[in-house]
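Below: the structure, in structure tokens.
Coordinate-derived values only; no laboratory data. These figures come from a predicted structure and were not determined experimentally. So basically every Cβ, Gly included, is an ideal-geometry build from the backbone, and we count neighbours across all protein chains shown.
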């Protein structure tokens, strides 16, 4: 199976977990898009809570009824992709710059399922892609210096770098900025998460710890289910 086939298989498997009447968190990214498409094809009576404007646009185009997070109540199930899946289903998310909205939806959910292709899952956590950190635009360079001081204290060598696209800083759906940290292997993700979250100016980081109940991984041999 190609990488895209693996993503599609994982998304379609996750869509089968949804039942009529559910409120469903709709993730962001290429793998989550396969889930949204498969979910729409089932033609169920559900309400979707999108984690980004891009996902909201896709869901509307497919006829999925949407509800705002504030009006959703407890979300029955959220399905989303990840950039890296480590031991105990520790996740790195945020390559699509939707980490804040994603985490808000995840933490409002009764159950969270992560979907990905085989290459995203491994025994070593971190290293494949940088860890995103969402920061407020005001004084962001000052915030970055404080982030770098914390990284140095924890033994990380690479500094946080502002994400640039087409010559301009990337803006999130919340008008914030993204800094990326090429951490390499992360031996103690909880310590790093706590250090980042305590910094004024940091809105959220891309470490999703203790949130995923199940991972559905598309592989050459089909979809594999993994629990923490």
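Ranking 173, 180, 166, 20 by Cβ neighbours within 10 Å, fewest first, what do you get?
By the 10 Å Cβ count, ascending: 166, 20, 173, 180.
Rounded if a/c is under 1.5, else prolate if a/b beats b/c, else oblate: with a ≥ b ≥ c from the C-alpha gyration tensor eigenvalues square-rooted, which is the stretch 162-216?
prolate
For the Cα atoms of the chain, what angle does the longest principal axis make with the long axis of helix 30-42, in degrees from 0 to 90, nearest 10?
Around 20 degrees separate the two axes.
For Cα pairs less than 8 Å apart in space and 6+ apart in sequence, what is the mean separation divided by the residue count of the chain, i.e. the relative contact order in percent?
It rounds to 24 percent for the chain.
Would you mind calculating the gained length between residue 221 and residue 153 on full extension (0.36 nm times residue separation, minus the Cα-Cα distance), in nm to one decimal?
20.2 nm is the gain from fully extending residue 221 to residue 153.
Full extension from residue 162 to residue 19: what is 0.36 nm times the residue separation minus their Cα-Cα distance, to one decimal in nm?
47.4 nm
Please give the helix 3-15 orientation as an angle from the longest Cα principal axis of the chain, in degrees from 0 to 90, rounded to the nearest 10.
Value to nearest ten degrees: 60.
Rounded to the nearest 5, what is the percent of antiparallel bridges among the DSSP beta bridges in the chain?
Counting DSSP beta bridges with both partners in the chain, the antiparallel share is about 55 percent.
Could you identify which residue out of 92, 64, 164 has the top mean-square fluctuation in a GNM of the chain using Cα springs shorter than 10 Å?
Comparing 92, 64, 164 in the GNM, the peak value goes to 164.
Starting with the fewest neighbours, write out 47, 120, 103 ranked by other beta-carbon atoms found within 10 Å of each beta-carbon.
So the residues, fewest neighbours to most, are 47, 103, 120.
Among 122, 201, 167, whose mean-square fluctuation peaks in a Gaussian network model of the chain (Cα, cutoff 10 Å)?
Residue with maximal mean-square fluctuation among 122, 201, 167: 167.
Measuring from a point 7 Å past the Cα of residue 118 along Cα-to-C-beta, which residues in the stretch 206-228 have an amide N at less than 19 Å?
215-227
What's the FRET efficiency of residue 188 with residue 61 using the Cβ-Cβ distance as r and R₀ = 45 Å, to the nearest 0.05?
After rounding to 0.05, the efficiency reads 0.60.
From the Cα gyration tensor of the stretch 83-136, with a ≥ b ≥ c the square roots of its eigenvalues, which class applies: rounded if a/c is under 1.5, or else prolate if a/b is larger than b/c, or else oblate?
Here the stretch 83-136 falls in the oblate category.
For the chain, what does -39500 (n - 2.57) per DSSP helix run (n ≥ 4), summed and divided by total residues, give at 222 nm, in deg cm²/dmol to the nearest 500?
The helix contribution divided over the chain gives -9000 deg cm²/dmol.
Mind pulling the angle between the C-alpha long axis of helix 140-153 and the longest principal axis of the chain? Nearest 10 degrees, somewhere in 0 to 90.
80 degrees
Take the chain, connect every pair of alpha-carbon atoms lying under 10 Å apart with a spring to form a Gaussian network, then pick out the residue of 189, 87, 130 with the largest mean-square fluctuation.
Largest GNM mean-square fluctuation: 87.
Within 10 Å of each residue's Cβ, count the other Cβ atoms and sort 52, 30, 2 from fewest upward.
Ascending Cβ contact count within 10 Å gives the list 2, 30, 52.
Want the number for residue 42 to residue 141: 0.36 nm per residue separation, take away the alpha-carbon distance, what's left?
31.0 nm
Take the alpha carbon atoms of the stretch 148-189, find their center, do the same for the stretch 37-95, and report the distance between the two centers in whole angstrom.
25 Å
Calculate the length of the line joining the C-alpha centroid of the stretch 98-133 to that of the stretch 3-18, in whole Å.
Measuring centre to centre over Cα atoms gives 16 Å.
Which of rounded, prolate or oblate describes the stretch 107-160 when judged by the alpha-carbon gyration tensor and an a/c cut-off of 1.5?
Because a/c hits 1.5 or more and a/b fails to exceed b/c, the stretch 107-160 counts as oblate.
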